[in-house]
1. Taking Lys101 as the anchor, which lysines have their alpha carbon closer than 30 Å to its alpha carbon, excluding any fewer than eight residues away along the same chain?
2. Cut-off under 20 Å on the C-alpha distance; same-chain residues fewer than 8 positions from Lys21 excluded. Which aspartates and glutamates are left, in chain and number order?
3. Just the C-alpha atoms of the chain: what Rg/Rh do they give, with Rh taken as the Kirkwood radius?
4. Quick one: 3J(HN,Hα) in Hz for segment 174-179, Karplus 6.51/-1.76/1.60 with θ = phi - 60°, rounded, Gly and Pro as x.
5. If you stretched the chain out fully between Val198 and Leu227, how much longer would it get, using 0.36 nm times the residue separation minus the C-alpha to C-alpha distance?
6. For Thr22 and Ser129 in the same chain, what is the full-extension length gain: residue separation times 0.36 nm, less their Cα-Cα distance, in nm?
7. How much length is gained on full extension from Gln74 to His188, taking 0.36 nm per residue of separation minus their Cα-Cα distance?
Amino acid sequence: MTDTDMKIDPQRAAALVSQIKTVRERIAAVARGRDVRLVAVSKLKPANDILALVQQAEPPQLHFGENYAQELSQKAELLPRNIQWHFIGGLQSGHCKSLAKIPNLFCVSSIDTEKKAQLLDKYRGEYLSSLSTLSPSSSSSPSPSPVPGKINVHIQVNTSGEPTKSGCPPGPSVVSLCRTVSSLPNLHLLGLMTIGAVARSVATTPDTENEDFERLRQQRDLVASELGLEPQHLELSMGMSEDFEGAIVAGSSEVRVGSTIFGARGPKSEAKIKV
């Protein structure tokens, strides 16, 4: 099965295109000319929905985020190779090998330990080495593929201090982890990411401050100072469906929007990779 075998429901496609157009307009209204990346969070939604936005949105939507490693791998096999995949779920060590083999994996946004960073780097290096031994004709991808390279990484920071949240604690641990990632040959430190407290998220508007966003900015500035970088060279990935406009005003370089584009999600047990 490839993308050419997938059927797209015209009504569903029209609704998705309309919804992502509205989100893009809302982003532009608060971005003040800045280029803010929109990651459409497609977890538990079928590949048909993703293909509709790739083919029918104008411009095509190419950045998609997934929370589950197996689901991401399956969709990446089915869909065009010009899609830029983001893994945004909680990263486990066991995920690193399969994720590293996805050629068009743009970013892993949930690195929070040196062990996970080192494993992802190791497996990406092995994957890239294996590609160098293959002839061009041995590729079976359903559409032209960009040449795989380093994987971009966001360091996840637990800005809210909630014990149930993943993420590196703010302070020296963040700096140390960023320094480690910067030294790994197959990873690129793209910036920092947070998933803040729900109560703060719900209360956030373009005119109100969010403590989690402020703390992530502070951590970015600390890392930049310690690593001798310009702050603008490190992204801030913060903001989701509830609070993305406030996040952009606070300086976010990337927002992750799911339900506002795709609608409510059903239970994981009922999700289908394709319909």
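1. Candidates past the 8-residue exclusion: Lys7, Lys43, Lys45, Lys75, Lys115, Lys116, Lys122, Lys150, Lys165, Lys268, Lys272, Lys274.
2. Asp9, Asp35, Asp49, Glu58, Glu242, Asp243, Glu245, Glu254
3. Here Rg/Rh amounts to 0.96.
4. 5, 4, 4, 5, 5, 5
5. 7.3 nm
6. Result: 34.3 nm gained on full extension.
7. Separation in residues times 0.36 nm, less the Cα-Cα distance, equals 38.6 nm.
No value in this document is a laboratory result; all are computed from the given coordinates. Not measured: the values here are computed from a predicted model.
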